[in-house]
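Data first, discussion second: the structure below is written as structure tokens.
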Amino acid sequence: MMARLAARLTRDKADTLLLLLAALMVLLPHFRHLPWWASLTVCLALAWRGAITLRGSRLPPIWLLLPVSLLAMGGVYLDFRTLLGREPGVAMLALLLTFKLLEMHARRDLFVVIFLSFFLLLTNFFYSQTILTALNMSVTIVLLLAAQLTFQFTGVVPPLAARLRYAARIFFIAAPLGILLFIGFPRIQGPLWGLPGDANSGRSGMSDTMAPGSMSNLALSEEVAFRVRFNENAPPQQLLYWRGPVLSEYDGRTWSRVGRPLEFREALQLRKNMHLSGSPWSYEVTLEPVTRQYLFTLEMGGPDINSEFRTGYTDEMESLFRSPPGQRVRYSHAAYPAYRLQPSASPGLLQRWLKLPAGFNPRTLEYAERLRTLRAEKGDLAAVTDVLDLFRRGFTYTLEPTRLGRDAMDEFLFDTRLGFCEHYASAFVYLMRGAGLPARVVTGYQGGELNPVDGYFTVRQSDAHAWAEVWMGPAHGWKRIDPTAAVAPERIRTSLGQTLPEAAPFGLQGLADLGRDQDSWLGKLRFSLSAMNNAWNQWILDYNPKRQQHFLSELGAAMADWRLLAILPCLALAMFARKLRFQRAPDPVDAAFAAFCRQLARHGVERAPHEGPLSLEQRVRQLKLPPEKIAAMTGFLELYGAIKYGAGPTDNPVARLKSLLKQTR
Amino acid sequence: MADRWLFQLKDAEPGEVQLVMRRVFILPTRPGLAFVGLLLVMLVGSVNYNLGLGFVLTFFTGSCAIVDMVMTARNLSMLHLAPGRAQPVFAGDEAQFELHIRNSTPRSRYGIWLGFKDEGEPRQAVDVLAGSSAALVLSRPTRERGWLAAPRVRLFTRFPLGLFGAWSYWQPDLRVLVYPQPEIGAPPLPTTGAASEDGIGTVGLDNFSGIRNYQPGDPMRHLAWRQIARLHPDDGGQLVSKNFEGGAVADLLLDLANLPPLLDIEIRLARLAAWVLEAERRALPYALTVGHRHFELSLGETHCGNCLRALALYGKEAP
């Protein structure tokens, strides 16, 4: 069908349609983020261009095209309120390419279209850089090359399939060189100039406030928050607490953070007031790009974070970037299994973590008063276990709790008793503060899924968690207490996704759950995919100057290995052999003739370039040589002439030629 | 001359010439330079926005351009070039140089432009498929008589992607003999006093006495083509011959020395050329003396060619 269609089209039309197809391939991925009217304009204009090509009518005149494109530009301005910046820029480029297709007159315009397409292909990476995008990019490059190639033919044009093969050949020959350039080309750490504000409109990730519902929103997202690789052994699942923002301020509804970055001197002081012991776990985190500036570190480690971006540390042990990096970031850190945090904090300082909003939750405060008495009688720990016991009895862990009113703590503790980690953590901290114990909410992630394929832990947004930290006196300092663990201990031992009640076993949800079972083949596939994605992120998307330096030095070390040194000469030999093979062995007839000519030259008969066997024969007859030699020579020439120019003798002429050659000597 | 050294311009090479890689030169075209600019912009964009895949795209397309460079050079290299035939022409006509391109490699070559080096942009394109050969004719106007050697030929190609242009020079061992331009409005054929062996009569237009039916044995030159053309075969059309009366013909002796010496030598040669052609047309045997070269009384293509050749080369170095 395609072949028939192609045969009906003239060469020019088929060429233009190929170019249109390539342009469409470039524009298609942009439809996801272009304004709807821009996508529509692009589609209509491409269809128009296709109709013009098929019907062979003329391109639209400039007086029609110019207002239309100006109108489109105005549309971009109205939509984005600016013409600068990334999003309007991409929209403008897409429209420009479309209108340029309608205004193609010279060979130059063709190159403009193809170059524009290449650039537009690049802009798509603002939005997506997955493996699929890369595959799509490869196909599009081949199509663009085929279109570019097509316009270079002057006479014979091979069929489309042959041209596509030719373009693919160029691409695959170029691929090793491209990979070498990718690895070895000196990299500079961007950005080179200030990025426009919309450069990193990525995911928001974990927030620095906690209002009802903020955690459960995250919990539904399977997006990867970060990946971790432990250098040696990894801590058990229930100790994987990834500390993020610490929330100490409560206004009756929302928890928010107050921590401030430490000065150098303060950091030194904090370090003295922080006792870490046990054998450390050192690990490296690859944080997915987010717009916020928090780092997540395994509890509990010091302020020593090794990253290419500047980081800071707050008086509440939060780690943060000086400015949001807006890209994938790697950092390494070490955590200790046992710690005592700020045991010698002064009571004045601790006041900050005792504040409660006035006029809320009378019933909760009443319970807190009872806890205070308990604390005075039996110690801090008794108060803590009392609350945890309360949670253990009759509280339910759910992602969809009932909405709470003004006195949220009262309703949660005494009426609904349905909640999620944020409810438990905030109620616990509230009670502790009411009982006179300094306490705060710590948010972050809990757990992580070990990928057996590449040994990375994947921490997803659904692992978001909130827990409490209580100051238990000078003997202990700040202690982590996870009230959720009292309600749903399996939440801590495994990951959240598995804690939630089973969904319907049928349909898509059932399918998705299949993948959670680690032993099913789907589960294995999921791990392989995840490992592939991680490798992609680590090696393609996040191959930065530092990584390059590291890799090249490793490569250099590997190259110094004697085995590789031995391989290189072998490679060179193989290439030489290949070259030899490609130098075709000379035709035996030609070789014999060349030998004969050299012999004649010794007798003083130099063959002129235009001379054939017949004229040579005449000259040979005049030589003063024994007659049998002359006869052999003329016989040779006659046979040579018959082989080369005659119908060709059948009875092994080459052997006869060689024997005659011998006789002439 | 710098050009000569840089591009290894050689004198005419006899026989078939193979374009080895050393004879092929290459530079980016204007789109190629624009492409370099595009690559730079893409690289800066990738650095600035930290686009890992952007680097991949930039480096891969850059590599494609490099592959294109090699392919463009290889599109020209290892071609065999050979001169073809060249027919003599009259001055003022276009000299036609036939050239052969042979491709003995398994790679088809597309989009090869040929032209004379001193004429700027090549005008003719040719494809040489794998294992085949192609012939093409380059023409060039002639002005003066004598030998005209083929000018240096420039081969140029942008295939496959048009980002690079490769070229090579070749001086074909080919020349065209340019006859003098026959004088327009030349005086009538000169009659000499010298009588033919039959003795009587002079040659003139008057001797043409009409046409008659063709008879076997009539010389081809006497066929009355114009009349033959008018007669439709269905109307009993047949061959007719011109009839010449008298049969007494004074010998036509053309001699450069007999022309007024005051005339420019070129005009004299032109007049002789015109007369030779006129005599051929009328099928009158003629003899020609140019300087010390003499051609006996005769008629026919070979004789005509010899005479014109002598006129073309008069005063020029011997062929």
**Request:** From the list A:Phe126, A:Phe118, pick out the single residue that is within 14 Å of chain B (Cβ to nearest Cβ), under 29 Å from A:Ile173 (Cβ atoms) and under 30 Å from the mean Cα position of the chain (by Cα).
**Result:** A:Phe118
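Yes/no matrix, rows are residues, columns are (1) in contact (Cβ under 8 Å) with a residue 12 or more places away in the chain; (2) of a type in the set (Lys, Arg); (3) buried (at least 17 other Cβ atoms within 10 Å of the Cβ); (4) in contact with a Ser or Thr (Cβ under 6 Å, 6 or more places away or on another chain):
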position	(1), (2), (3), (4)
A:Arg372	yes, yes, no, no
A:Ala382	no, no, no, no
A:Thr385	no, no, no, no
A:Gly394	yes, no, no, no
A:Arg406	yes, yes, no, no
A:Glu411	no, no, yes, no
**Message:** Taking the conditions exactly as written (of a type outside the set (Phe, Trp, Tyr) and under 24 Å from A:Thr402 (Cβ atoms)), does A:Pro474 satisfy them or not?
**Reply:** no
**Prompt:** Does any residue in the range A:521-537 that is outside the structural domain of A:Arg227 (by TED's automatic domain parsing) come within less than 8 Å, Cβ to Cβ, of a residue that is assigned to a helix (DSSP H, G or I) and among the basic types (Lys, Arg) six or more places away or on a different chain, and which pairs are these?
**Reply:** none
**Fill in**
Only unsatisfied item for A:Gly205, checking (1) more than 9 Å from chain B (Cβ to nearest Cβ); (2) surrounded by fewer than 20 Cβ atoms within 10 Å (Cβ to Cβ); (3) at pLDDT below 65, is (2)
**Prompt:** Under 8 Å by Cβ, and 6 or more places apart or on different chains, what pairs join a residue from the range A:564-579 that is assigned by TED's automatic domain parsing to the domain that holds A:Glu554 with one that is small (Gly, Ala, Ser)?
**Reply:** A:Leu564/A:Ala558
**Asked** Before we move on, is A:Ala632 small (Gly, Ala, Ser) and modelled with pLDDT under 85?
**Response** no
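Considering only the range A:148-172, state which residues are part of a helix (DSSP H, G or I) and either in contact with a Lys or Arg (Cβ under 9 Å, 6 or more places away or on another chain) or not assigned by TED's automatic domain parsing to the domain that holds A:Leu20 (or both).
In the first step, residues of the range A:148-172 are kept if they are part of a helix (DSSP H, G or I); the result is A:148-150, A:160-172.
Hits for the range A:148-172 are A:Leu149, A:Thr150.
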**Asked** What number of residues in the range A:427-447 are in a helix (DSSP H, G or I) and either buried (at least 24 other Cβ atoms within 10 Å of the Cβ) or in contact with a His (Cβ under 9 Å, 6 or more places away or on another chain) (or both)?
**Response** 6
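What strands (runs of 3 or more DSSP E), lying completely within the range A:240-348, carry at least 1 residues that are within 18 Å of A:Ala464 (Cα to Cα)?
On the way: elements: A:241-247, A:274-277, A:281-287, A:311-313, A:319-321, A:329-335, A:338-341.
Here the list reads A:241-247, A:281-287, A:319-321.
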**Prompt:** Restricted to the range A:28-56, and to residues that are under 28 Å from A:Asp12 (Cα atoms) and basic (Lys, Arg), which residue is surrounded by the most Cβ atoms within 10 Å (Cβ to Cβ)?
**Reply:** A:Arg49
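Residues checked against (1) more than 7 Å from chain A (Cβ to nearest Cβ); (2) at pLDDT below 90; (3) surrounded by 16 or more Cβ atoms within 10 Å (Cβ to Cβ):
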{"residue": "B:Gly32", "(1), (2), (3)": "yes, no, yes"}
{"residue": "B:Leu51", "(1), (2), (3)": "no, yes, yes"}
{"residue": "B:Gly54", "(1), (2), (3)": "no, no, yes"}
{"residue": "B:Ser63", "(1), (2), (3)": "no, no, yes"}
{"residue": "B:Thr72", "(1), (2), (3)": "yes, no, yes"}
{"residue": "B:Leu81", "(1), (2), (3)": "yes, no, yes"}
**Prompt:** So which residues in the range B:91-105 are more than 20 Å from B:Ala166 (Cα to Cα) and either within 14 Å of another protein chain (Cβ to nearest Cβ) or in a loop (DSSP other than H, G, I, E, B) (or both), if there are any at all?
**Reply:** B:Ala91, B:Gly92, B:Asp93
**Fill in**
Residues in the range A:589-624 that are surrounded by 15 or more Cβ atoms within 10 Å (Cβ to Cβ) and outside any helix (DSSP H, G or I) total 3
**Asked** Taking the range A:138-158 as the region of interest, how many residues are of a type in the set (A, V, I, L, M, F, W, C), within 12 Å of A:Asp15 (Cα to Cα), crowded, with 22+ Cβ neighbours inside 10 Å and within 7 Å of chain B (Cβ to nearest Cβ)?
**Response** 1
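Restricting attention to helices (runs of 4 or more DSSP H) lying wholly within the range A:45-134, give those where 3 or more residues are touching an Asp or Glu at 6+ places or on another chain (Cβ under 8 Å). Outline the logic, then answer.
Details: elements: A:62-80, A:86-101, A:107-123.
Correct list: A:62-80, A:86-101.
Which one of A:Ala577, A:Ala535 is more than 30 Å from A:Pro289 (Cβ to Cβ), at pLDDT 75 or above and assigned to a helix (DSSP H, G or I)?
Values: A:Ala535 fails: more than 30 Å from A:Pro289 (Cβ to Cβ).
Step by step, each of A:Ala577, A:Ala535 is checked, and only A:Ala577 is more than 30 Å from A:Pro289 (Cβ to Cβ), at pLDDT 75 or above and assigned to a helix (DSSP H, G or I).
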**Selection count, the range A:580-599, where residues are out of contact with any Leu (no Cβ under 7 Å at 6 or more places or on another chain) and at pLDDT 80 or above** = 7
**Prompt:** How many residues are surrounded by fewer than 16 Cβ atoms within 10 Å (Cβ to Cβ) and either more than 9 Å from chain B (Cβ to nearest Cβ) or not aliphatic (A, V, I, L, M) (or both) if we restrict to the range A:162-186?
**Reply:** 9
**Message:** Residue pairs, Cβ under 8 Å, 6 or more apart or interchain, first in the range B:143-162 and away from chain A (no Cβ under 14 Å), second polar (S, T, N, Q) and assigned to a loop (DSSP other than H, G, I, E, B). List them.
**Reply:** B:Arg145/B:Gln181; B:Leu148/B:Thr142; B:Ala150/B:Gln171; B:Arg152/B:Gln171; B:Val153/B:Gln171
**Item:** Counted residues, the range B:7-31 - those being in a helix (DSSP H, G or I) and of a type in the set (Val, Ile, Thr)
**Value:** 0
**Complete:** Over the range A:258-289, the set of residues at pLDDT 85 or above, in contact with a Ser or Thr (Cβ under 8 Å, 6 or more places away or on another chain) and buried (at least 17 other Cβ atoms within 10 Å of the Cβ) is A:Tyr283, A:Val285
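The values are calculated or read from the model by the stated rules, or taken from the named source; none is laboratory data. Note that this is a predicted model, so its numbers are computed, not measured. Ideal geometry is used to build each Cβ from the backbone, glycine not excepted, and the neighbour counts take in all protein chains shown.
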